[in-house]
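Undergrad: Below is the structure I would like to discuss, written out as structure tokens.
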Amino acid sequence: MSRHLKRLAVPRAVPIARKVSKFAIKPSPGPHPKDRSIPLGTIVRDILKLCDTGKEAKKIIGSGEILVDSRVRKDMKFPCGLMDVISIPKLKRSYRVLFDRRGRLTLVPINEENATWKLCRIENKTTVRGGKTQLNLHDGRNILLDKDGFKTGDVIKLSLKDNKIMEHYPLEKGNLALIIGGKHIGEIATIEELIVTRSPKPNLVSLKGKGKSFSTIKDYVFPIGKDKPAITLPEVKIDGA
């Protein structure tokens, strides 16, 4: 497997210029798939423009100046994806990684308080030794619970300091959701119904947007709040509110 990545082959979700040079930073294996993540070095050099070269980006990251989800990351190839919090303590700046309406990953500035938590979707659950339930989250995290009151597809608001669950946003009628795939990517809409298909095809979710209703597969629906969204996106208005 090649350790190099040409800029022309960079996934569409990564918002960088394709023709300014030949190569781009290739993400290393991590919590997010390579076609839905941005290497930390690309964030520092190409998006935030804190330096001009890859060598300078490597030095900044290697010195422990950049935090991802409140943890120091020194690998410039570390993949950052949906809902990750990027913090630069020396500059007192923090960002949340989100999708825009064009399906590109973008950094949304957030305040110091919002940088202490993130939203994580429950991808699946496992019963482990002792009868405890393990929640497997979309960013590779695992959480052990004594009592299980969650379902696959639900989203939890997680404290980055101690991994404690602060709030719970179920995948159910009336809640707001962010669409993270398909032609409606980046939109916020209200969940109307969960449609279970008794076949190998994926389950569907019916949603209500601004003056329109549409459906998409369950994997593309990311609940983000009840009465109002816990996060906001650039260039997006709340539909159906």
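Undergrad: Quickly work out the residue 92-to-residue 12 label distance, labels modelled 7 Å from Cα along the C-beta direction, and quote it in nm with one decimal.
TA: Label-label distance for residue 12 and residue 92, simple model: 4.1 nm.
Undergrad: Carbon and sulfur: what percent of the chain's accessible surface (1.4 Å probe)?
TA: Accessible surface attributable to carbon and sulfur in the chain totals 49 percent.
Undergrad: Using packing as a proxy for protection, rank 110-122, 137-149 so that the peptide with the highest average count of other Cβ atoms within 10 Å comes first.
TA: Those peptides, ordered most packed to least, come out 110-122, 137-149.
Undergrad: Let me ask something else. Label the stretch 21-82 by shape, choosing from rounded, prolate and oblate, from the square roots a ≥ b ≥ c of the eigenvalues of the Cα gyration tensor; if a/c is under 1.5 it is rounded, and otherwise prolate applies when a/b is larger than b/c, oblate when it is not.
TA: Oblate, since a/c reaches 1.5 and b/c is not below a/b.
Undergrad: Taking only protein heavy atoms into account and a 1.4 Å probe, give the accessible area per residue of the chain in Å².
TA: With the other protein chains kept in place, the chain gives 56 Å² per residue.
Undergrad: May I ask you to compute the full-extension gain from residue 197 to residue 213, defined as 0.36 nm times their residue separation minus their alpha-carbon distance, rounded to one decimal in nm?
TA: Between residue 197 and residue 213, full extension yields 3.9 nm more.
Undergrad: Straight-line reach from residue 6: which lysines have a Cα under 27 Å away, not including same-chain ones fewer than 8 places off?
TA: Counting by Cα, and skipping residues close in sequence, residue 6 has these lysines nearby: 19, 22, 26, 34, 49, 55, 58, 59, 74, 77, 183.
Undergrad: Something else now. Counting Lys +1, Arg +1, Asp -1, Glu -1, what net charge surrounds residue 206 among other residues with beta carbon under 13 Å of its beta carbon?
TA: Charge balance near residue 206 sits at +1.
The values are calculated or read from the model by the stated rules, or taken from the named source; none is laboratory data. In this text, all values refer to a predicted model and were calculated from it rather than measured experimentally. Counting neighbours? That spans all protein chains shown, and the Cβs are built from the backbone with ideal geometry, glycine included. SASA here: full protein model, heavy atoms, side chains in, ligands and nucleic acids out. Shrake-Rupley method; radii C 1.70, N 1.55, O 1.52, S 1.80 Å.
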